[in-house]
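Engineer: Before we start, here is the structure in question, set down as structure tokens.
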Amino acid sequence: MIQLENLSAYYGRVQSLRSVSMKLESGRIYSVLGANGAGKTTLMRSILGLVRSTGTVRFGGEDISALPTHERIRRGIAIVPENRRLFADFTVGENLRIGAVNRNDREQVEADVKEMCNTFPILGQRFTQAARTLSGGEGQMLALGRALLSNPKLLLLDEPSVGLMPIAVSDIFKMVAKISAKKGLTVLLVEQNAKKALQIADYAAILELGSITFQGDVETLKSDDRLQAAYLGGH
Ligand SMILES: Nc1ncnc2c1ncn2[C@@H]1O[C@H](COP(=O)(O)OP(=O)(O)O)[C@@H](O)[C@H]1O
Ligand SMILES: [Mg+2]
């Protein structure tokens, strides 16, 4: 459902992504692992059209490579950026509704906001509180809930575990897996926390200096000694 062909990205004359090709099937979770600076965020920015790139991005069969970011988002791509970018002085409820700004089915949006508060009860409990009063884990749940309210087909998650307690990371990853399975949502999960990411991923890719050096199912990655040592801290 999303296919990247020879995707390269540049900041000025510096190339940060080198001819990346990937095929992501609907309803599956793909984890992209890689060290700091490997190009993980750049990969997401390229999919959204936020960085100068060459190559092709196909989404649901359509070549979207030439489309501006807002058109790509309108077709069903949502991102939870690394720093979450919540509106700190807006309430939890307002932040959730902001996720649905591009939708015009108002009544369904309200029903979905309610459903999101059932999925993440803490968001219901904190509904009228400002987002800045949330803990790290709660803030990440809000960022995830907000992204989901746009009804995406593809969800890009950029290092959702950063700054969270291990228990909050487990909760959020479990929730992502559940929602993906329930809604047929495709997830591209970029993580440095490889162990946690691979607990929910169907497929994994490794990015090194802008190039994909491994791509395959999680079991294959786990059975490769070199990759095991480099990304999972050995056996
Ligand atoms: N805005 C930018 N301007 C110039 N270089 C950048 C910019 N953003 C990222 N880079 C460079 O691109 C490479 C990949 O960065 P990034 O995609 O952020 O890596 P990751 O998310 O894997 O940590 C790094 O070498 C980084 O220094
Ligand atoms: Mg990054």
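Engineer: Expressed as a whole number of Å, what is the distance separating the alpha-carbon centroids of region 39-76 and region 106-143?
Structural biologist: 28 Å
Engineer: Tally Lys and Arg at +1 and Asp and Glu at -1 over the other residues with C-beta under 15 Å from the C-beta of Lys178: what net charge comes out?
Structural biologist: Counting the neighbours of Lys178, the net charge comes to +1.
Engineer: In vacuo Debye scattering of region 174-231, one point per C-alpha: log10 I(q)/I(0) at q = 0.30 Å⁻¹?
Structural biologist: -1.39
Engineer: From the square roots a ≥ b ≥ c of the eigenvalues of the alpha-carbon gyration tensor of region 86-195, which class results: rounded (a/c under 1.5), prolate (a/b over b/c), or oblate?
Structural biologist: Taking the square roots of the gyration eigenvalues as a ≥ b ≥ c, region 86-195 is oblate.
Engineer: For region 8-92, calculate the relative contact order in percent as a whole number, restricting contacts to Cα pairs under 8 Å that are 6 or more residues apart.
Structural biologist: In percent, rounded to a whole number, it is 23.
Engineer: Using the Cα centre as the reference, give the magnitude of the dipole from point charges on the C-beta atoms of the chain (Lys, Arg: +1; Asp, Glu: -1; all else neutral), rounded to the nearest 20 debye.
Structural biologist: 280 debye
Engineer: Dipole size in debye (nearest 20) for region 113-164 around its Cα centre, Lys and Arg Cβ +1, Asp and Glu Cβ -1?
Structural biologist: Magnitude of the dipole: close to 180 debye.
Engineer: If you take every DSSP beta bridge fully contained in region 81-235, what fraction is antiparallel? Give it as a percent rounded to 5.
Structural biologist: Counting only bridges with both partners in region 81-235, antiparallel ones make up about 60 percent.
Engineer: Which whole-Hz couplings ³J(HN,Hα) result when phi for each residue of region 16-25 is put into the Karplus expression 6.51 cos²θ - 1.76 cosθ + 1.60, θ = phi - 60°, listed in order with x for Gly and Pro?
Structural biologist: 10, 9, 10, 6, 7, 10, 8, 10, 10, 8
Engineer: Rounded to whole Å and sorted largest first, list the principal axis extents of the Cα atoms in region 50-128.
Structural biologist: 45, 28, 18 Å, listed from the longest principal axis down.
Engineer: Can you give me the pair-distance distribution of the chain, C-alpha pairs, 5 Å bins, whole percents?
Structural biologist: Result, from short to long distances: 1, 7, 14, 18, 20, 17, 12, 7, 3, 1, 0 percent.
Engineer: Where in region 1-102 are there trypsin sites (Lys or Arg not before Pro) that are in a DSSP coil and have at most 13 other Cβ atoms within 10 angstrom of their Cβ?
Structural biologist: Qualifying residues, ordered by number: Arg13, Arg85.
Engineer: Something else about it: With all protein chains present, how much of the accessible area of the chain (probe radius 1.4 Å) comes from carbon and sulfur, to the nearest whole percent?
Structural biologist: That share works out to 51 percent.
Engineer: Among the listed pairs Lys114/Lys195; Lys40/Lys114; Lys153/Lys174, which have their C-alpha atoms separated by more than 25 angstrom in this model?
Structural biologist: Lys114/Lys195; Lys40/Lys114
Engineer: Here is a follow-up. Over region 1-145, what is the relative contact order in whole percent, taking alpha-carbon pairs under 8 Å and six or more residues apart?
Structural biologist: 20 percent
Engineer: Pick out, from Leu164, Ala131, Asn118, the residue whose Cα sits farthest towards the positive end of the charge dipole of the chain, with +1 on the Cβ of Lys and Arg and -1 on the Cβ of Asp and Glu.
Structural biologist: Of the candidates, Ala131 comes out farthest on the positive side.
The values are calculated or read from the model by the stated rules, or taken from the named source; none is laboratory data. Keep in mind the model is a prediction, meaning the values are calculated, not measured. Every residue, glycine among them, receives a Cβ derived from its backbone with ideal geometry; neighbour counts consider all protein chains shown. Heavy atoms of the whole protein, side chains included, go into the accessibility calculation; ligands, DNA and RNA do not. Shrake-Rupley method; radii C 1.70, N 1.55, O 1.52, S 1.80 Å.
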